[in-house]
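Below: one structure, written as structure tokens.
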Amino acid sequence: MALPIIAVVGRPNVGKSTLVNRLAQARDAIVHAASGVTRDRSYHHADWAGREFMLIDTGGIEFADADAFGSSIRAQAIHAAEEADVVVFLVDAAAGVQTSDEEVARLLKRSDKPVFLVVNKLDTPGQQDAVHDFWSLGLGRPWGVSALHGHNTGDLLDALVAALPDEAGMAEEGEGVIDVAIIGRPNAGKSSLFNRLVGAERTIVSDVAGTTRDAIDTRIEHEGTAIRLVDTAGLRRKSRIDESVEYYSFVRAMRAIDRADVALLVIDSPLGVTDQDQRVARFAAERGCAIVVLMNKWDIVGGPEEKAEVAEQVAERLGFIGFAPVLRVSAKTGRGMQTVFAAIEQAYAAYTREISTSALNKLLTDLRATGHTVSRQGKSLRIQYGTQTRTRPPGFTFFANHPRLVDDNYRRYLENRLREAFDLVGTPIILKFKKKD
């Protein structure tokens, strides 16, 4: 079912991420004492009293731009309020009514959505009188809470859920949604790619490395296929994750990969494949994601010789994910982007493919006829039969007379034959060999 949305908006550092974590009963939103940590809209699944909904954590709304991202943060927060079914306007009891609060209130009064004015940071008894000052904003009853300690958040949730649209009016979400994580080094063009796929300025795009700090989910439909895209913070070397905010962004990116079906590995083509790209690719492969490699900014790579050099480097440095298709694209111009959705669907189909035992053993019969095997110390490997034991990614168990004879070369040989026979492009394969009693 398509879930209703509650957006949490307000000035920077009033506790929006803390409140989102409290309402969602999770720690997904990045919480930090520094102002402006949450830049993009990030979505979090929650439920209360049997009603499921999505919470949007937004960047702070400021009307005097404090940094290069100020206007973009404000636009993102306003857009979140527009797409929500219910809006929570969070203010700071300790700071009192600010000019920026009055500006936000004026914006929200124009909305036809239910707006809840929530006064945060009532962390100690006897502070309730501070709530009364916020009646002046003209948004009705102020709800006094402590997001940090959870005071009064249950009553707030009761009211929020009651204001959501009827479940009968929500569309069915259906099965078969493909989770796709967009991963890569910082500043490789992931957010531009994300926006190109979504067809909207869904995340803040900037040429300043590290703009994206949260992992952000967006569901789209492409020719009848439902896809949930996650734009993640760029993955840096662990030794370079100095700030705690960067560390938590790294953790969020890891979580996005952990729950992804397909990872789009974005490479900055003019720079070529770096050590960081290799680390990111290895991380996704180790966690069993299907992978599609996108050589972004291909339009600004030099002539044929330079293009050939980059292609050779990809084959050499990303050989350990040789199963992944490599697409040459430009998120900025749109070149090659029409092939990305097809590659996602192909990789997902391979990732979830189920192969019958009869088809698998017919392949083994054909392979035995070729005579290709491993022999050592008077013993020859013979695989009697095999069966598929898992999907997402596909895994196979083969029963043999001497499984210890299986070496890396034979493992690669068998994997390649499986890929050729059953179209397993884009997905890793797990092979196990056991002794046949």
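The values are calculated or read from the model by the stated rules, or taken from the named source; none is laboratory data. Quick caveat, the model's predicted, so the values are computed rather than measured. Counting neighbours? That spans all protein chains shown, and the Cβs are built from the backbone with ideal geometry, glycine included. Note: accessible area is taken over every heavy atom of the protein model, side chains too, but ligands, DNA and RNA are not part of it. Shrake-Rupley method; radii C 1.70, N 1.55, O 1.52, S 1.80 Å.
Is at least one residue of the range 65-73 over 20 Å from Ile6 (Cβ atoms), at pLDDT below 65 and open to solvent by less than 30 Å² (accessible area, probe 1.4 Å)? The answer is yes; a qualifying residue exists. If you go through the range 260-290 and pick out every residue that is acidic (Asp, Glu) and surrounded by fewer than 16 Cβ atoms within 10 Å (Cβ to Cβ), you end up with 2. Within the range 180-203, none of the residues are open to solvent by 40 Å² or more (accessible area, probe 1.4 Å), at pLDDT below 70 and part of a helix (DSSP H, G or I). For Ala168, the conditions (1) under 22 Å from Phe53 (Cα atoms); (2) open to solvent by less than 50 Å² (accessible area, probe 1.4 Å); (3) modelled with pLDDT under 70 all hold with the exception of (2). The set of residues in the range 314-362 being assigned to a helix (DSSP H, G or I) and open to solvent by 60 Å² or more (accessible area, probe 1.4 Å) consists of Ala315, Glu316, Arg317, Phe320, Gln338, Ala342, Glu345, Gln346, Thr357, Ser358, Lys362. Among residues that are of a type in the set (A, V, I, L, M) and either open to solvent by 40 Å² or more (accessible area, probe 1.4 Å) or at pLDDT below 95 (or both), Val301 is included. Apart from one condition, Gln388 fits all of (1) modelled with pLDDT under 95; (2) assigned to a strand (DSSP E or B); (3) open to solvent by less than 40 Å² (accessible area, probe 1.4 Å); (4) not aliphatic (A, V, I, L, M); the exception is (1). For the range 342-358, the criterion of being at pLDDT below 95 and over 19 Å from Val180 (Cα atoms) is met by none of the residues.
Taken over the range 113-153, the criterion of being open to solvent by 60 Å² or more (accessible area, probe 1.4 Å), without any contact (Cβ under 8 Å) to a residue 40 or more places away in the chain and within 31 Å of the chain's Cα centre (by Cα) is satisfied by His149 alone. Scanning the range 84-135 for residues that are assigned to a helix (DSSP H, G or I), acidic (Asp, Glu) and over 20 Å from Leu19 (Cα atoms) turns up Glu102, Glu103, Asp129, Asp133.
Within this structure, Val104 fails the test of being buried (at least 20 other Cβ atoms within 10 Å of the Cβ), in contact with a strand residue (DSSP E or B) (Cβ under 7 Å, 6 or more places away or on another chain) and at pLDDT 90 or above. Taking first residues from the range 39-50 that are part of a loop (DSSP other than H, G, I, E, B) and partners that are at pLDDT 85 or above and surrounded by fewer than 23 Cβ atoms within 10 Å (Cβ to Cβ), the Cβ contacts under 8 Å between residues at least 6 apart in sequence or on separate chains come to Ala49/Leu157; Ala49/Asp158; Ala49/Val161. None of Phe341, Phe320 is in contact (Cβ under 8 Å) with a residue 60 or more places away in the chain and on the phi < 0 side of the Ramachandran plot except Phe341.
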